[in-house]
Amino acid sequence: MQQTESALGIHTPAASNNVLRVEGGRPLYGTISVRGAKNFVPKAMVAALLGHTPSQLRNVPLIRDVDVVKEMLEAHGVDVIFDEDEGVINLDPSNIDAASATEIDALSGSSRIPILFCGPLLHRLGEAFIPELGGCVIGDRPIDFHLETLRRFGADVVKEADGIRLRAPEGGLVGTRIDLPYPSVGATEQTLLTAVQAQGITTLTGAAIEPEIMDLINVLQKMGAIISVDTDRTIRIEGVDRLDGYSHTALPDRIEAASWGAAALATRGDVFVRGAHQPDMSTFLNTFRKVGGAFDVEEDGIRFYHPGGPLRSIVLETNVHPGFMTDWQQPLVVALTQAEGLSIVHETVYENRFGFVSALRQMGANIQVYTECVGSAPCRFGARNFSHSAVISGPTPLHGADITVPDLRGGFSHLIAALAADGVSHVSGIDVISRGYEHFMAKLLKLHARVEYV
Ligand code: EPZ
């Protein structure tokens, strides 16, 4: 328990540090801070490849996904200076160059961001390579939208044994029309990062409009891009000849903020999350209140707390923005195990995001998972045999157990369950959490959790 922040930081702990002993059943209380969004910062770093002058990004968190993209950029000749204490990263792409397939493969293992290098590299170098992609196992996570998008701009996309090789046509990429069959965050970002310098106009329909995408549009506009967003998920991009560097402060991480809010509720605690930003979290806040949680929005953050009394069951459906984020679902489900009655959660973004509930069951939760679309309108996973609806019956006391982290958000929900449960839990594979939660161990200690690496 007496471990320091630096010893518990982002960089891969030794294998022996990958199991956390948690003495649960105590409320979390105190103040912690969140910095820039994991699902924005790496993409803004990739955008710097498009600039002919250096960029500066502020509010950068120390998480593994930032490290991966930093190393990928360095492998492509970008000069990266990261002031980790200040959270400021300077990126100079003046000497951009191709990296070897082996180098790209070695660096990109745990992340999905490398696919977003394609557009910028096709513009700057005329070619790109993507290896097998990593990321959380929460569904198939295909990249068909990405590849089809790049083809539409004129790229030659060839699948080879070690990955996918892409080449820009003679004369460069050309603007096009893209109709996304689903508002994919990644495919929308792919389109934006490619269209800004393609010749002519690109029209994207069915686009994702998450706040992180809007902030990427802010960055690209600062660089010289011309992008308009319509009310019907249509984005129109006018290609320009030249983009320059940007200076930008990243929007805060609304997933991390909500995760700590859910932890406060499940442990009957009281946590002030400095940096939490109400406008990006209003859907979460509505749900949090319906469940019986309380919050106070302050100038510099949001206080999340359990006001006493019973929690209420709810019917919840995850969806693309402005719906309830899929990434908020897993942490909140732990609090729902403490709500009175039956809660229903219908996951409509990923087909396989309930793997984490088996550990909660082991700890005493009563959760059934169904392949049907339970509780609300049918989604694209209904009748396809995916276990994508959950019914949670509560309240059920949780007790400590030995559990293993399945993925990033599922892992954080395991951590919350262990903190809420009576007795001792051992949470294995805890290192996965450092992919998206900056200094999570130091924050837990600050919130008076009884946790230590074993
Ligand atoms: C981003 O993933 C986030 N990751 C995810 O965060 C987040 O859950 C997701 O958006 C939805 O908000 C990053 O930003 C790095 P999608 P992304 O393309 O872009 C299907 C976390 O824990 N699809 O919007 O990969 C896909 O299978 C994570 O922080 C295709 O079918 O998500 C999924 O069902 C995990 N073909 C749906 O679209 C494609 O080519 C939405 O995926 C692409 C996606």
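The values are calculated or read from the model by the stated rules, or taken from the named source; none is laboratory data. None of the values given here were measured: they were computed from a predicted structure. When we count neighbours, we look across all protein chains shown, and the Cβ atoms used for this are built from the backbone with ideal geometry, even at glycine. Note: areas computed on protein heavy atoms with side chains; ligands, DNA, RNA excluded. Shrake-Rupley method; radii C 1.70, N 1.55, O 1.52, S 1.80 Å.
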(request) Along Cα→Cβ, 7 Å out, is where each label goes; now give me the distance between the ones at D179 and V391 in nm to one decimal. (result) 3.9
(request) Report the one residue of H306, S343, I433 whose Cα lies farthest in the direction of the positive end of the charge dipole of the chain (charges on C-beta: Lys and Arg +1, Asp and Glu -1; origin at the Cα centre). (result) S343
(message) Which one, T267, I235, P397, projects farthest toward the positive side of the charge dipole computed for the chain from Cβ point charges (K/R +1, D/E -1)?
(response) P397
(request) Among the aspartates and glutamates, select those whose C-alpha is under 17 Å from the C-alpha of K159, and discard any that sit fewer than 8 residues away in the same chain. (result) D105, E127, E132, D144, E148
(message) Using the basic label-point model (7 angstrom from Cα toward the beta carbon), what is the V297 to D162 distance in nanometres?
(response) 5.1
(request) Using the Karplus curve 6.51 cos²θ - 1.76 cosθ + 1.60 with θ = phi - 60°, work out ³J(HN,Hα) for each residue of the range 38-55 in order, rounded to whole Hz, and write x for Gly and Pro. (result) 4, 8, 10, 3, x, 6, 5, 5, 5, 4, 4, 4, 7, x, 8, 10, x, 10
(request) Anything over 25 Å Cα to Cα? Flag those among K70/K222; K38/K222; K38/K290, in the order listed. (result) K38/K290
(request) Taking the dipole about the Cα centre of the chain, with the C-beta of Lys and Arg at +1 and of Asp and Glu at -1, give me whichever of L220, T205, N352 is farthest to the positive side. (result) N352
(message) Can you give me the % of accessible surface on the chain that is carbon or sulfur? Probe 1.4 Å, all protein chains present, nothing else counted.
(response) 48
(request) Compute the FRET efficiency between M214 and R236 as 1/(1 + (r/R0)^6), taking r as their Cβ-Cβ distance and R0 = 22 Å, and round to the nearest 0.05. (result) 0.90
(request) Measure nothing fancy, just the Cα-based angle from helix 64-75's long axis to the longest principal axis of the chain, in degrees from 0 to 90, nearest 10. (result) 20
(message) How big is the dipole moment of the chain about its Cα centre under a simple scheme where the beta carbon of each Lys and Arg is +1, that of each Asp and Glu is -1, and everything else is neutral? Debye, nearest 20, please.
(response) 1120
(message) Quick check on the range 41-249: take the gyration tensor over C-alpha atoms, sort the square-rooted eigenvalues as a ≥ b ≥ c, and tell me if it's rounded (a/c under 1.5), prolate or oblate.
(response) rounded
(message) Where in the chain is the longest stretch that carries no GluC sites (Glu not before Pro) classed as loop by DSSP and with at most 16 other Cβ atoms within 10 Å?
(response) 171-298
(message) Compute, for the range 41-249, the length of the dipole vector about the Cα centre, with Cβ point charges of +1 (Lys, Arg) and -1 (Asp, Glu) only. Units Debye, rounded to 20.
(response) 620
(request) Just tell me the longest site-free run in the chain, where the sites are trypsin sites (Lys or Arg not before Pro) in a DSSP loop having at most 15 other beta-carbon atoms within 10 Å. (result) 1-241
(request) Treat each spin label as a single point 7 Å out from the Cα along the C-beta direction, and report the Q362 to E148 distance in nm. (result) 3.9
